[in-house]
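These notes are about the structure you will find just below.
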Amino acid sequence: MPKVLFVHNGPLFRGPDGQMYGTHFTETVKERYLLLGEHVTFLMREAAIDRSTEGFSPISPRNFDFVAVPDLMSPAKRILNHAEAMRTVEAAVRQADVVVARIPSLTSRLAVRWARKLGKPYMIECVACNWDALWNHNWKGKLTAPWYFLMQRWVVRDSPYVVYVTEEFLQRRYPTRGRQVAISDVQLRSAAAGVLEQRLQRIRSGAGAGQPLKLVTVADVAVPYKGQSDVIAALPALARDGLRVEYHLIGGGDPARLQALARRHHVEERVTFHGTKRHEEVFQLLDDMDIYVQPSRQEGLPRAVIEAMSRALPVVGARTGGIPELLGRERVFKTGSGRGFIDAFKGVVPPAAKEADARRNFTRAMDFREEILGARRQAFYAEFMSDHGLAHQKHSLDTLGH
């Protein structure tokens with residue numbers, strides 16, 4: 001049976017016990033690639049967990065192993081580690097029967113190069129936009145954005161099979177000549193009974209009446225293009241407009257930059273950093289929030305937004321990537337615009353607006369249930385495997401995510 005190689009920059013995390021853990025790359029993700037073969041190898045950077053593994057998801061060693069690739073995430077490391085990285089990637093591709101390369105990712109581009117050279121069947125997962133990520137990072141990013149934008153366009157254009165996480169945005173920006181399918185990488189099971197009714201009851205009962213509105217974002221707090229800084233900077237203006245707001249940030253990374261910004265705007269008491277949380281804990285926190293905001297300056301189709309919608313949360317988001325595909329026009333604001341965010345936020349504050357958005361968002365999120373996306377993924381994988389004369393793993397969809 002085929003051996004599958006999944007490639008990305010990563011990282012994957014090694015715990016003190018030697019066990020591999022992930023945040024974005026989890027056991028559920030691993031199980032998806034077992035649809036393509038009997039064994040999957042993750043090829044990406046390795047990082048150490050030097051504290052508690054709480055908030056990280058363990059990956060079972062069953063039908064799985066991990067190959068660490070040298071760090072290529074800075075210009076200096078790309079020079080120093082290039083030769084070793086090339087050897088590592090080549091060896092991993094040679095041992096694989098099928099390669100799945102998630103982009104944007106320099107490691108993935110190297111793997112695609114070797115897959116083409118060695119004649120290995122491969123597919124691309126296009127999950128984000130290099131241009132948006134780099135252009136909105138810093139001045140150095142603006143210098144390199146055109147080059148990496150073209151690299152992503154070229155690798156997608158010439159790939160024979162491409163999975164896009166958006167329905168329109170990435171397809172327009174990075175078109176392919178090959179076969180394509182739109183499948184979000186969200187990990188959404190059927191919603192628990194009563195989620196929508198519990199949200200509506202919270203809204204109608206005026207839960208938290210007299211208390212600040214709880215606004216929340218789920219994203220890495222150390223990544224500037226996630227845009228949490230735009231929300232923090234807008235909190236004083238919301239206060240001047242008579243709106244009491246708490247801002248809750250869920251996600252890993254060093255919060256020092258955003259903590260300093262909160263102090264500069266004198267809103268540190270209204271900004272709470274929850275750190276990394278397990279999936280179930282994130283949902284519990286979301287259920288205690290009032291409005292979700294995704295202020296990102298770069299996205300594909302953000303899983304966090306879909307998961308917030310699945311908890312029947314009202315959502316506002318920046319006009320970035322696939323976010324407008326999920327939200328109504330009045331709930332989308334110009335990227336990086338504090339005023340735009342404030343106007344969109346005010347639009348969803350009235351209880352009637354919250355209730356209407358809760359119903360709409362919950363219904364829309366159900367389009368992303370695993371049984372729906374999983375069936376689409378199985379069909380695309382089966383076509384890919386059949387075209388290459390390889391056996392297709394017919395796992396039950398009910399087993400995915402368990």
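The values are calculated or read from the model by the stated rules, or taken from the named source; none is laboratory data. A quick note: this is a predicted structure, and the numbers were derived from the prediction, not measured. Here Cβ is always computed from backbone atoms with ideal geometry, including for glycine, and neighbour counts include all displayed protein chains. SASA here: full protein model, heavy atoms, side chains in, ligands and nucleic acids out. Shrake-Rupley method; radii C 1.70, N 1.55, O 1.52, S 1.80 Å.
Within the range 262-312, the residues that satisfy the criterion of being among the β-branched types (Val, Ile, Thr) and within 30 Å of Arg172 (Cβ to Cβ) are Ile291, Val293, Val305, Ile306. All conditions but one from (1) open to solvent by 60 Å² or more (accessible area, probe 1.4 Å); (2) under 19 Å from the mean Cα position of the chain (by Cα) apply to Asp288; the one that does not is (2). Residues of the range 52-76 that are open to solvent by 70 Å² or more (accessible area, probe 1.4 Å), within 21 Å of the chain's Cα centre (by Cα) and under 26 Å from Thr144 (Cα atoms): Met73 alone.
If you go through the range 150-164 and keep only what is open to solvent by less than 50 Å² (accessible area, probe 1.4 Å) and either in a helix (DSSP H, G or I) or modelled with pLDDT under 95 (or both), you end up with Met151, Gln152, Val155, Val156. Name the pairs: first residue in the range 111-124 and under 10 Å from Val93 (Cα atoms), second residue open to solvent by less than 50 Å² (accessible area, probe 1.4 Å) and of a type in the set (Asp, Glu), Cβ to Cβ under 8 Å, at least 6 apart or on different chains? Taking only residues 6 or more apart or on different chains, the pairs are Trp114/Glu90.
Looking across His392, His388, one residue alone is surrounded by fewer than 19 Cβ atoms within 10 Å (Cβ to Cβ) and either touching a Phe, Trp or Tyr at 6+ places or on another chain (Cβ under 8 Å) or at pLDDT below 90 (or both). It is His392. Looking across the range 208-236, just one residue is open to solvent by less than 40 Å² (accessible area, probe 1.4 Å), of a type in the set (A, V, I, L, M, F, W, C), over 16 Å from Gln298 (Cβ atoms) and modelled with pLDDT under 95, and that is Leu213.
If only residues of the range 7-25 that are out of contact with any Asp or Glu (no Cβ under 8 Å at 6 or more places or on another chain), closer than 20 Å to Cys126 by Cβ and outside any strand (DSSP E or B) are counted, the one that is modelled with the lowest pLDDT is His24.
Any residue at all in the range 99-109 that's of a type in the set (Lys, Arg), in a helix (DSSP H, G or I), at pLDDT below 95 and within 25 Å of the chain's Cα centre (by Cα)? There is no residue in the range 99-109 that is of a type in the set (Lys, Arg), in a helix (DSSP H, G or I), at pLDDT below 95 and within 25 Å of the chain's Cα centre (by Cα). A single entry from Glu370, Glu299 fulfils the requirement of being within 21 Å of Val221 (Cα to Cα), open to solvent by less than 40 Å² (accessible area, probe 1.4 Å) and of a type in the set (D, E, K, R): Glu299. Within the range 77-109, the set of residues being closer than 21 Å to Lys3 by Cα, of a type in the set (D, E, K, R), surrounded by fewer than 17 Cβ atoms within 10 Å (Cβ to Cβ) and touching a helix residue (DSSP H, G or I) at 6+ places or on another chain (Cβ under 8 Å) comprises Glu90, Arg94. Across the range 21-51, the number of residues qualifying as within 20 Å of Val69 (Cβ to Cβ), surrounded by fewer than 22 Cβ atoms within 10 Å (Cβ to Cβ) and aliphatic (A, V, I, L, M) comes to 4. Annotation: of all residues in the range 203-260 being more than 21 Å from Gly317 (Cβ to Cβ) and assigned to a helix (DSSP H, G or I), the one that is farthest from the chain's Cα centre (by Cα) is Arg240. Summed over the range 62-92, the residues that are at pLDDT 95 or above and of a type in the set (S, T, N, Q) give a count of 2.
Restricting the range 310-337 to residues that are open to solvent by 30 Å² or more (accessible area, probe 1.4 Å) and not in a loop (DSSP other than H, G, I, E, B) leaves a set whose member that is farthest from Ala233 (Cα to Cα) is Glu325.
Of everything in the range 121-149 that is assigned to a helix (DSSP H, G or I), among the aromatic types (Phe, Trp, Tyr) and more than 20 Å from the chain's Cα centre (by Cα), the residue that is surrounded by the fewest Cβ atoms within 10 Å (Cβ to Cβ) is Trp139. Residues in the range 261-283 that are in a loop (DSSP other than H, G, I, E, B), under 30 Å from Gly194 (Cα atoms) and open to solvent by 50 Å² or more (accessible area, probe 1.4 Å): 2 in all. In the set Val40, Val4, Val89, Val93, only one residue is out of contact with any Cys (no Cβ under 9 Å at 6 or more places or on another chain), in contact (Cβ under 8 Å) with a residue 40 or more places away in the chain and part of a strand (DSSP E or B); that residue is Val4.
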